[in-house]
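What follows is a short report on a single structure.
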Amino acid sequence: MKKKIICVLGTFLFSTAVSAQDYTSPSSFKLYLEQREEPMTWAILILSVILFFMRISRTKGRSVSDGNYGVFNTLFLAVSGIEILYFFGTGSIWFCTPDRVGWLWTVINFILLCGVVYNQIYCYIIILEDIPARNNVECNYFLGWLSSVGGVILGFIFTLFFKAGHPYLFAVVILLQIVQIIMIFKCFGRDKLKGALFCSSAYLLGTFGSILIASALMALLIIITVGIGVLWICSKAFGWGDSGSGKPSNVRGYYSDGTSEEMEYEGKGITGEKYYRGKDTGNTYVDP
């Protein structure tokens, strides 16, 4: 089974490389990736499902040194690499676009995306724990993780307020990632270069792949949150969802000097308060 999976994966990657041989420039290669966004999406989903079941079997008592170890790590590197290529291309979230897939599949695909992101991060952490453990070393990834997450947050802030700072931010993040890789090699030592290379590859591909796919999920969550917020404000401002039909009836307002007048309903505020205006005096009354 292990050999079959590796052969299928190798055939897929080889065929992709051969079919892309005519796309030598960055722009043409980007076009090549854009034309294959759906197959790449399916590849990410299928590999993620396989990783999920392998992860479940490993977390139910199987040893780290079992026969699935190499396949598990290889599949993780493959799915992370495909994610990076996907977002280097279009990076679109077409599978969660109602105009393209319909509302039902938008909801289903969003749930699947949440599962893929969760499984990706879970597998990422497992692998970065397993590789050093098999080599009897300990690695600290705090600097790399901090610079990655901080880079994403600052990148979003720079997009809004300081776009010219993107090259400088990118340079700092890359520099800190290089430092993290040096720290990994230092932990493994000269006699375990193979383990250091494997761990560095898993760290780099896993980090960037996880950040990219998690960013897609965050973008969707932001859109959903903003949409819900807009609908809530509109419902309060225009009285959507109020019980009964038509606007509220007029009321009688009484003043401290004993006088009164009929108050006509004017509208509703954004927090749900009702506004009334006196027909005679024009005074405004707020009913919270």
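With just the Cα atoms of region 117-190, tell me how far they stretch along each of the three principal axes, in Å, largest first.
46, 31, 12
Skipping prolines and chain starts, which residues have an amide H placed within reach, meaning under 5 Å, of the one on Glu266, given they are 5 or more residues away or on another chain?
It is Tyr275, Tyr276, Arg277, by chain and number.
Using θ = phi - 60° and the Karplus form 6.51 cos²θ - 1.76 cosθ + 1.60, what ³J(HN,Hα) does each residue of region 186-196 get, whole Hz, x for Gly and Pro?
5, 5, 7, x, 6, 7, 9, 5, 4, x, 5
In sequence order, what are the phi-derived ³J(HN,Hα) couplings for region 171-182 according to the Karplus relation 6.51 cos²θ - 1.76 cosθ + 1.60 with θ = phi - 60°, rounded to whole Hz, with x for glycine and proline?
5, 5, 5, 4, 4, 5, 5, 4, 4, 5, 5, 4
Ordered by packing density, taken as the mean number of other Cβ atoms within 10 Å over each peptide's residues, highest first, how do 75-84, 144-153 rank?
Result, highest mean Cβ count within 10 Å first: 75-84, 144-153.
Can you tell me the length gained on complete extension of the stretch Ile228 to Leu112, counting 0.36 nm per residue apart and subtracting the Cα distance?
39.6 nm
Quick check for me: using +1 on Lys/Arg Cβ and -1 on Asp/Glu Cβ, what's the dipole size of region 110-246 about its Cα centre, in debye to the nearest 20?
For this selection, approximately 320 debye.
Would you calculate the separation in nanometres between label points at Lys163 and Lys279, each defined as 7 Å from the Cα along the Cα-to-beta-carbon direction?
5.7
Taken together, the values in this text are just the output of simple stated rules run on the coordinates, not laboratory data. All values reported here derive from a predicted model rather than from experimental measurement. Virtual Cβ from ideal backbone geometry, glycine too; neighbours counted across all protein chains shown.
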